[in-house]
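Single-structure report; data block below.
The values are calculated or read from the model by the stated rules, or taken from the named source; none is laboratory data. These numbers were taken from a predicted model, which means no experiment stands behind them. Heads up, the Cβs are rebuilt from the backbone with ideal geometry, glycines too, and the neighbour counts pull from every protein chain shown.
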Amino acid sequence: MTAPKQPSMLTGAAVEIEALRQGFNRGFADYRYNMQMDPSGMLGHLHRSNIAPDDCAVLVAEEEGRLQGVGAALLAVRGDEGWCGGLSVDPAYRGGGWGRRLMEHLKRRAVERGVRRIFLEVLVSNDHARSVYRQVGFKRLRELLLWERDPRQGPLPLPYERLEETDPAQILRSFHRWHELPTIWQRRARSLLNYVEQHGCIGLTIPAKDGAPVAYVLVSAPSPYGAPAQGQPPARLRILDVAVDPEANLQDAARPLLQALQLRYVDARMTLMDQPADSRLNPVFASLGFRVFDRQYEMVVDLAENPPDTVQ
Ligand SMILES: CC(C)(COP(=O)(O)OP(=O)(O)OC[C@H]1O[C@@H](n2cnc3c(N)ncnc32)[C@H](O)[C@@H]1OP(=O)(O)O)[C@@H](O)C(=O)NCCC(=O)NCCS
């Protein structure tokens, strides 16, 4: 095995989706969670989050005579806001300043695209990535909770309200009025609409006495679903979004919604990512047996206060 050669960074039109995917996967190979993407998974990520390949950067290196993607940085753009949809450097190339250079490129590209602020999320325990983000000017905005409920905790009590299946596009019309706090990029209405367009999802509401919905949840269709085979982990039911009408009583609306959801998917492990730590829904999750399995920080860089380095 020959020693790896010094990598170089490709940007703009030179960025190929396959190299981007390879660089992403190799840098995330030792990550705490499985982030490996197949070609359709990568296309889905780009589309859902509004990431154009020519806004991204790929780190490439010649290995055994072939050019390989060994790192990546992904920039999503919507109007004057941007989001970092992934930063990764293969373990063999870490500690050489490439993470920082990839992020500086994203900042330069963001300025070219008229972006004023770039957001991202990072695990609280990811000291190395946090140090890179701090060095390029990102500041901590707020804390986010990752919730899960294990089906082995048993079923929740049967509520007397019934879940109603509702068209996700119709549900999302209440998105802005029902979310009292801003949501992270991948849980914004635009990302959710993109997701629904790509994969579809299941929309469920709890109606009040007059029949109008007072709370909704959007979940990804679980596959495969059913009681897990002996020794197998339970299927995962991803809660993509959940919100309550601010005029409704929180307990009366959110509790039966989540109880009925759990009973409908009684064998599934339910997860909800990146709920703001100051969300008023958190005590409801905790009281129904959900637990926080990880935490992230949402970070932001203001590009007027922290302009990109001009030296490339
Ligand atoms: C985060 C990551 C991209 C950084 O890549 P990198 O090329 O090693 O980054 P750099 O070499 O530019 O490091 C920049 C700074 O990080 C810090 N750093 C380096 N190694 C570190 C370590 N092991 N622990 C903590 N901080 C470290 C240093 O302060 C360094 O600055 P310095 O060079 O002035 O000392 C890489 O570790 C990675 O791919 N991790 C797995 C995927 C991931 O976690 N991505 C982020 C998800 S939000």
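Yes or no, residue by residue, for (1) in contact with a Gly (Cβ under 7 Å, 6 or more places away or on another chain); (2) charged (D, E, K, R); (3) within 16 Å of ASP302 (Cα to Cα):
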| site | (1), (2), (3) |
| --- | --- |
| LEU102 | yes, no, no |
| LEU106 | no, no, yes |
| ARG109 | no, yes, yes |
| ARG113 | no, yes, yes |
| ILE118 | yes, no, yes |
| GLU121 | no, yes, yes |
| VAL136 | no, no, yes |
| ARG140 | no, yes, yes |
> Any idea which residue in region 92-112 is nearest to MET37 (Cα to Cα), counting only those that are more than 8 Å from the ligand (Cβ to nearest atom) and surrounded by fewer than 20 Cβ atoms within 10 Å (Cβ to Cβ)?
Replying inline: ALA92
>> Take the residues in region 15-49 that are over 23 Å from LEU192 (Cβ atoms), of a type outside the set (Asp, Glu) and within 11 Å of the ligand (Cβ to nearest atom); name whichever of them is surrounded by the fewest Cβ atoms within 10 Å (Cβ to Cβ).
In response: ARG32
> Of the residues that make up region 169-187, is at least one among the charged types (D, E, K, R), surrounded by 19 or more Cβ atoms within 10 Å (Cβ to Cβ) and in contact with a helix residue (DSSP H, G or I) (Cβ under 9 Å, 6 or more places away or on another chain)?
Replying inline: no
> Any idea how many residues of region 210-231 are at pLDDT 75 or above and in a loop (DSSP other than H, G, I, E, B)?
Replying inline: 4
> Taking VAL122, is it assigned to a strand (DSSP E or B) and buried (at least 19 other Cβ atoms within 10 Å of the Cβ)?
Replying inline: yes
> Do we find that GLY71 is surrounded by fewer than 15 Cβ atoms within 10 Å (Cβ to Cβ) and either at pLDDT 95 or above or farther than 30 Å from PRO256 by Cβ (or both) in this structure?
Replying inline: no
> Can you tell me which residues in region 253-277 are assigned to a helix (DSSP H, G or I) and either in contact with a Cys (Cβ under 7 Å, 6 or more places away or on another chain) or touching a residue at least 40 places away in the same chain (Cβ under 8 Å) (or both)?
Replying inline: ALA253, ARG255, PRO256, LEU257, LEU258, GLN259, ALA260, LEU261, GLN262, LEU263, ARG264
> How many of the residues making up region 135-154 are in a loop (DSSP other than H, G, I, E, B) and surrounded by fewer than 12 Cβ atoms within 10 Å (Cβ to Cβ)?
Replying inline: 1
>> Based on this model, can you work out whether PRO234 counts as touching a Lys or Arg at 6+ places or on another chain (Cβ under 9 Å) and either part of a loop (DSSP other than H, G, I, E, B) or surrounded by fewer than 16 Cβ atoms within 10 Å (Cβ to Cβ) (or both)?
In response: yes
>> Given the criterion of a type in the set (Val, Ile, Thr), crowded, with 18+ Cβ neighbours inside 10 Å, within 15 Å of the ligand (Cβ to nearest atom) and in contact (Cβ under 8 Å) with a residue 60 or more places away in the chain, identify the matching residue among VAL89, VAL115, VAL132.
In response: VAL89
